[in-house]
1. So how many residues does segment 307-332 have that are surrounded by fewer than 19 Cβ atoms within 10 Å (Cβ to Cβ), at pLDDT 95 or above and of a type in the set (Gly, Ala, Ser)?
2. Which count do you get for residues in segment 90-108 that are more than 22 Å from GLY23 (Cα to Cα) and surrounded by fewer than 20 Cβ atoms within 10 Å (Cβ to Cβ)?
3. What are the residues in segment 63-87 that are within 14 Å of the ligand (Cβ to nearest atom), of a type in the set (D, E, K, R) and open to solvent by 30 Å² or more (accessible area, probe 1.4 Å), if any?
4. Is it fair to say GLU111 is open to solvent by 40 Å² or more (accessible area, probe 1.4 Å), closer than 30 Å to GLY164 by Cα and not β-branched (Val, Ile, Thr)?
5. Considering each residue of segment 156-176, count those that are within 18 Å of THR206 (Cβ to Cβ) and either open to solvent by 30 Å² or more (accessible area, probe 1.4 Å) or out of contact with any strand residue (DSSP E or B) (no Cβ under 9 Å at 6 or more places or on another chain) (or both), and give that number.
6. From the residues in segment 37-54 that are under 26 Å from GLU298 (Cα atoms) and open to solvent by less than 50 Å² (accessible area, probe 1.4 Å), which one is modelled with the lowest pLDDT?
7. Kindly indicate the residue of segment 284-298 that is within 16 Å of the ligand (Cβ to nearest atom), part of a loop (DSSP other than H, G, I, E, B) and free of Cβ contacts under 8 Å to residues at least 60 places away in the same chain and also surrounded by the most Cβ atoms within 10 Å (Cβ to Cβ) among those meeting that condition.
8. Restricting the search to segment 88-120, which residues are within 11 Å of the ligand (Cβ to nearest atom) and among the hydroxyl-bearing types (Ser, Thr, Tyr)?
Amino acid sequence: MTSGTSLPRPRVAVSRAGLPGAGVERLATRYQVTAWEGTAPPVPAELARLAQGCSALLVLGTDRVDAPLLDAAGPDLRVVALASMGYDGVDLDAAAARGVVVTHTPGVLAETTADIAMALILMARRRLGASVDALRRGEWGAFRMDAFLGLDVQGATLGLIGYGQIARALARRGAGFGMRVQHHHPRRRDDDELSRWVPFDELLTTSDIVSVHTPLTHETAGLIGAAELARMKPTATLVNTGRGGVVDEDALLAALRGGRLHSAGLDVMADEPRSDPADPLFAEPRLVVLPHVGSATEATRAAMVDLAAHNIEAVLEGGPAPNPLPGAPGRRPAPHRVQKIPSFRGE
Ligand code: DGY
């Protein structure tokens, strides 16, 4: 005999209004969905209030998920689904200690982000940002053989730090542009048809373009600092589409200003967002900066939200999450400046 009353639907909190795609709408057909309504992102106290009593939390990579937030959510919380690949804002140990599954979005943004890495390589190396700036200042005079000269990518050696999905997608692009590709990964010494594994120092000293593809962890914070930049060729280009804290920005500016590095392109910075037009990063002519747009296409952002929603559905329906993050020690959010740990170099 049934009582005729139905159980309340689990609550799902979403940290932004108007997320792209149909994922949140689909969640709303099964669960009680409450989305943050402000135009600015919620501050931690606001996110904590939103999360109270929820069984699932859908957040962005820039939201901080720590013990106070998890405790504010309460004992019903079962899953935190990131609509991002990066997870440096999440205290995985705190989540694991509370039995909360944390998921992210591999597989759906690699190609789109690799396009931006390739765009940064071309912009920095061919000095396209500086050329557009000159045009806007009305400085396009007579054709000169020595104006706006950059360096070729064809025939250059592309060095990838990290060799996950985005790095592999960039390796394919690099090969298509006639580059030789090599990579360093601290634990997987795997050559493939596209790229050859090399030791970390060899990658720095022999690459014409170094592209960073590591998550931000205690192991990788500050990985590219003054000493590493000094090992690179003065004609080299550094590109970062991973996480800002992996590159020491002061050291990068010093290397560019001192003529010890040809150029650089950053889609990610240690502190984001950066809205001061006088920011020294924006003023350096050999540095191209983008506002963290690696995955920013309509289809990819919709796919990221959709995958986050799928992870929530899977856990709330009692199944395993398709894209869980390991709650391994040492995966806590990294401070932006910590001592380098030689193990990354795999030597
Ligand atoms: C990611 O997915 O990590 C991107 O940086 C967007 O958050």
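The values are calculated or read from the model by the stated rules, or taken from the named source; none is laboratory data. These numbers were taken from a predicted model, which means no experiment stands behind them. Every residue, glycine among them, receives a Cβ derived from its backbone with ideal geometry; neighbour counts consider all protein chains shown. Side chains are part of the model used for accessible areas, which takes the heavy atoms of the whole protein and leaves out ligands, DNA and RNA. Shrake-Rupley method; radii C 1.70, N 1.55, O 1.52, S 1.80 Å.
1. 2
2. 6
3. ARG64
4. Details: open to solvent by 40 Å² or more (accessible area, probe 1.4 Å): yes; closer than 30 Å to GLY164 by Cα: yes; not β-branched (Val, Ile, Thr): yes.
It is true that GLU111 is open to solvent by 40 Å² or more (accessible area, probe 1.4 Å), closer than 30 Å to GLY164 by Cα and not β-branched (Val, Ile, Thr).
5. 1
6. GLY38
7. As a first pass, look at segment 284-298 and keep what is within 16 Å of the ligand (Cβ to nearest atom): 289-298.
Add one more test, that the residue is part of a loop (DSSP other than H, G, I, E, B), and what stays is 290-297.
Those left that are additionally free of Cβ contacts under 8 Å to residues at least 60 places away in the same chain: 291-292.
Numbers: PRO291: 12, HIS292: 20.
Among those residues, the one meeting the criterion is HIS292.
8. Listed by number, the residues that qualify are THR105, THR112, THR113.
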